[in-house]
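Everything below concerns the one structure shown next.
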């Protein structure tokens, strides 16, 4: 080594050590200050907001007060969301700075040793200086550890799990839950579904995870053919109906009922297991799912009488975890909605177990896709068509879209992708002459070939947590998520955003489009209508309850259930025309299913059939 240059190099490294130390100290101090501010200020528990809400209880017609509450609530949620991002970013910067500091310190001592220069020279003065440097390092180290601990506590303390045993550690973003005007700290739910049953279990080989309109005037080539049996009963075979687009051809649907008095309630049955999945229908059978820590079950009811025909437990599946993963209470272990093709019923649970039974509840096949690395719980619903079962399996650790053979459960295609976690569900649509699987993730909206799984197009336009599924209308795809944007996309080899909006955005509820109109429902109680082609906002209405379930269009009406259990019905029109607000008498966060003359609704504890 050049002995003349060594002191220069040592001096340079020494200066870099000083700079990295100062950087770490500044970031650590900012993290501690931010932690103290969040813990003391508690932006999600604003006293000003509570005061306004209390005033509103006594003056619910005050539109100015209503707007003030909405604005303050939005500011509080955005402030908290931003604060969480700052803490996460700061913790990464602090960790990076600490690693750089340690490496430079090691290089400094190695260089000293290499040229034979003693670390301590100059008698007592140098010894005192070295001791003071060590105390500075100890103090800085304590500050470093304290800041990292503060960032960890700040990021994670909102994560309230339903204790079910096994811990599945999240590896990426932890995102702020939406706050309702009504209770300022909303419950979170990602899409819909649950399942359980008790037939003989047949273990199968597992796949381990590794690296159309109702009666509307406009009918386009993007609207799916709705399957109907000989008697004219429309089949509602998956989440949001046929092809997952939120459209139904059912007729003679009710617009008035009351779950408490029993008016226009044909039947109702109590549910013994929790689930946020929506009912599906095929002919005279209705299917839902439910789950708890002990069992995951698929249920089949007679849709005309409410009688339980059979139930099948998802047990004895090879690769299934001994204890289920911890999930948040408002997602649970059975959030995905089932799917059926009239030959089999398909279900997936938060354990990663996926299975098929015949229409009488006999197990056909079952396997485990790997326990989803999901900090809320898995919620992407299934959809099947032409002997392919489409599964969206985007987790913290990996993203993939796969098609399984409906008869055997064997993979037909498996498309891996670099994407973040998603709680949205796949949608089918015919676009540009091809049947496509449309999926929404963070940050990308994808169009994949239904037959081969090949990626036809992709567009980065979202961010953060993604819960709503896509809407499709007249060649356009609509994708959205809270805190980011609503984008109308023209798909193709060079996809582009035609228009976008960011005023009112849904957390979980998926948009729906028909007759040139796009409908969106938010978790903070706004239901609104856009011109689907231009993005012009045509009308809006604010409710005291937010929306987690998705709007459905049937018979020229749009139906949307709020979290309090009230169904808000509007005419599909450019002007706001309310047709009623019937209630079931209990909370609900799922999406209705339709058949001729009847609507099937799932409440928190009860399954309802509504009809004249």
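Scanning region 435-455 for residues that are in a strand (DSSP E or B) and out of contact with any strand residue (DSSP E or B) (no Cβ under 6 Å at 6 or more places or on another chain) yields one hit, 435.
Answer yes or no as to whether residue 46 is outside the structural domain of residue 541 (by TED's automatic domain parsing) and modelled with pLDDT of 70 or more. No, not satisfied. Only one of the numbered conditions (1) under 20 Å from residue 238 (Cβ atoms); (2) out of contact with any strand residue (DSSP E or B) (no Cβ under 7 Å at 6 or more places or on another chain) is violated by residue 357, and that is (2).
One line per residue, one yes/no per condition, for (1) within 22 Å of residue 606 (Cβ to Cβ); (2) outside the structural domain of residue 591 (by TED's automatic domain parsing); (3) in a loop (DSSP other than H, G, I, E, B); (4) modelled with pLDDT of 95 or more:
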position: 286; (1), (2), (3), (4): yes, no, no, yes
position: 300; (1), (2), (3), (4): yes, no, no, yes
position: 306; (1), (2), (3), (4): yes, no, yes, yes
position: 311; (1), (2), (3), (4): yes, no, no, yes
position: 323; (1), (2), (3), (4): no, no, yes, no
position: 332; (1), (2), (3), (4): yes, no, yes, no
position: 346; (1), (2), (3), (4): no, no, no, yes
position: 350; (1), (2), (3), (4): no, no, yes, no
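When 610, 590 are screened for being at pLDDT below 95, touching a strand residue (DSSP E or B) at 6+ places or on another chain (Cβ under 6 Å) and within 17 Å of residue 288 (Cβ to Cβ), only 590 passes. Of the strands (runs of 3 or more DSSP E) lying entirely inside region 531-584, those carrying at least 2 residues that are under 24 Å from residue 264 (Cβ atoms), assigned by TED's automatic domain parsing to the domain that holds residue 425 and at pLDDT 95 or above are 552-554, 557-561, 567-571, 578-580.
To keep it simple, each residue is scored yes or no on (1) modelled with pLDDT of 70 or more; (2) within 30 Å of residue 100 (Cβ to Cβ); (3) touching a helix residue (DSSP H, G or I) at 6+ places or on another chain (Cβ under 7 Å); (4) in the same structural domain as residue 525 (by TED's automatic domain parsing).
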{"site": "15", "(1), (2), (3), (4)": "yes, yes, no, no"}
{"site": "18", "(1), (2), (3), (4)": "yes, yes, no, no"}
{"site": "25", "(1), (2), (3), (4)": "yes, yes, yes, no"}
{"site": "40", "(1), (2), (3), (4)": "no, no, no, no"}
{"site": "51", "(1), (2), (3), (4)": "yes, no, no, no"}
{"site": "58", "(1), (2), (3), (4)": "no, no, no, no"}
{"site": "63", "(1), (2), (3), (4)": "no, no, no, no"}
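The values are calculated or read from the model by the stated rules, or taken from the named source; none is laboratory data. Predicted, not measured: the structure shown is a model, and the values here were computed from it. Every residue, glycine among them, receives a Cβ derived from its backbone with ideal geometry; neighbour counts consider all protein chains shown.
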